[in-house]
Amino acid sequence: MKPIKNVVIVGAGMMGNSIAQVFASDPHLNVVLKTRVLKDDRYEPIANNLDIMIARGAATEADKKAILSRISFVTDDAAAYTDADFVIECYPEVMETKQDLFALVEKFCRDDCILATNTSVMSPTEISKKCRRRERVVGAHFWNPGHLIPLVEVVKSDFTSEEVMQATMELLKRVGKKPIYCKKDVPGFVANRLQHALWREAFYMVENGIADPATVDEACKYGPGLRWPVMGPMENSDLVGIELTNNIHKYILRHLADNHEPSRLLQEMLDRGELGFKSGKGWQEWTPEQMKASSDGLKEYLIDYAAKNKK
Ligand SMILES: NC(=O)c1ccc[n+]([C@@H]2O[C@H](COP(=O)([O-])OP(=O)(O)OC[C@H]3O[C@@H](n4cnc5c(N)ncnc54)[C@H](O)[C@@H]3O)[C@@H](O)[C@H]2O)c1
């Protein structure tokens, strides 16, 4: 496999733009964004992301200039894929569209080019179905916003070669990401399985009158959530001890939510037209100011985290 130099991102939507910005932070990579049309304002989403980062000290004007200069946009398939070393698709979440895209890319690219999919939930094994070389297809699941969240889940399909897994992990480390190695192609990969195990329990507690929604959020924000940036569950279990962990689980597991269907509260809210931010009411009521403060608060927290961890 050739050293990776030419990275192609397919689809200049929300994730594609973020991911292009990430790869273009490496001065030794050429980054191509494959789009359908060349819009006059094509650089704007990435420039905007960078301006917000500059305002909070997470990037400099020089970073912005260098990153934008390393990204080119192309519409032609041959121009995009012929010299590609690593292609990552950020297409709409439609299985057939992703399968057809990779089959098309294979018509142009070299045999050792890696094909990565940024799918959030779909099986990389299934996405590789129409490919000649299924061993080159790998999951590379960035979390939104892709330029701010360090985690990328690298997912081994039933066919992905170890060489492709390692090359993908190395590339992501090189551009400052924290890739994790997901050994099996399972729904939810690693991080969404963890996240939705917690959400299931959260919704269960509200449904059963144990705590109201704001209380559940406070329990996370002011309690275990403070540990998570520095200590995950495995390390935490070692810290408190395996014996204690075992005793706690012997007692508590039978009491935890284990439903295989969504909470009935979700359907009830949907029936009432309560869609969360979209309608101004979900688990709680939201004014426009509160919604803005909530989403801005998360963005600012992530940008400050990026500023603190900037090389
Ligand atoms: N949005 C998220 O929070 C998030 C997080 C992680 C992963 N993902 C995954 O990333 C992928 C992209 O998601 P997104 O949110 O960026 O979607 P998006 O709709 O913002 O972007 C998709 C892009 O693909 C482009 N596209 C569609 N057909 C095309 C074609 N034939 N040629 C070139 N471009 C084409 C669209 O114009 C659009 O710009 C999906 O698989 C999604 O599940 C999304």
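The numbers here are math on the coordinates, done by the rules we state, and not lab data. Every value quoted in this text rests on a predicted model; they were computed, and no experiment measured them. So basically every Cβ, Gly included, is an ideal-geometry build from the backbone, and we count neighbours across all protein chains shown.
Quick notes on this structure:
- Placing R0 at 22 angstrom, the Cβ-Cβ distance between Ala47 and Phe277 gives a FRET efficiency of 0.25 after rounding to 0.05.
- Scanning the chain for cysteines with no neighbouring cysteine C-beta under 4.7 angstrom from their C-beta gives Cys90, Cys131, Cys182, Cys220.
- Euclidean distance of C-alpha centroids, segment 220-281 and segment 96-130, integer Å: 34
- Calculated FRET value between Asp76 and Lys5, using beta carbons and R₀ = 25 Å, to 0.05: 0.80
- Cα long-axis angle, helix 288-308 against the chain (0 to 90 degrees, to the nearest 10): 60
- Restricting the trypsin sites (Lys or Arg not before Pro) of segment 160-263 to loop positions (DSSP other than H, G, I, E, B) with no more than 11 neighbouring Cβ atoms within 10 Å leaves Lys183, Lys184.
- Amide H contacts for Phe73 (H built 1.01 Å from N in the peptide plane; partners 5 or more residues away or on another chain; cut-off under 5 Å): Leu33.
- Of His249, His196, His141, the one that fluctuates the most in a GNM where the chain has Cα springs shorter than 10 Å: His249
- Considering only the chain, percent of DSSP beta bridges that pair antiparallel, nearest 5: 20
- Euclidean distance between Cα centres, segment 7-51 to segment 293-311, Å: 21
- Comparing Leu172, Leu239, Leu33 in a Gaussian network model of the chain where C-alpha atoms under 10 Å apart are linked, the largest mean-square fluctuation is found at Leu239.
- Rounded to 10°, Cα long-axis angle of helix 44-55 versus longest principal axis of the chain: 60
- Placing +1 on each Lys and Arg Cβ and -1 on each Asp and Glu Cβ, with no other charges, gives the chain a dipole about its Cα centre of roughly 720 debye.
- The chain: calculated mean residue ellipticity at 222 nm from DSSP helix runs of at least 4, using -39500 (n - 2.57): -14000 deg cm²/dmol
- Restricting attention to segment 6-182, close to 15% of DSSP beta bridges with both partner residues there are antiparallel.
- Rounded, prolate or oblate (a/c below 1.5 giving rounded, otherwise prolate when a/b exceeds b/c) for segment 172-311 by Cα gyration tensor: oblate
- Of Leu226, Leu256, Leu298, the one that fluctuates the most in a GNM where the chain has Cα springs shorter than 10 Å: Leu226
- Taking amide H positions as modeled 1.01 Å from N, with prolines and chain starts lacking one, the residues under 5 Å from Glu89 and 5 or more places away or on another chain are Val10, Ala116, Thr117, Asn118.
- Across Lys183/Lys310; Lys34/Lys177; Lys221/Lys308; Lys98/Lys183; Lys2/Lys156, pairs whose alpha-carbon gap is larger than 24 Å: Lys183/Lys310
- Whether segment 119-172 is rounded, prolate or oblate, judged on the alpha carbon gyration tensor where a/c under 1.5 counts as rounded: oblate
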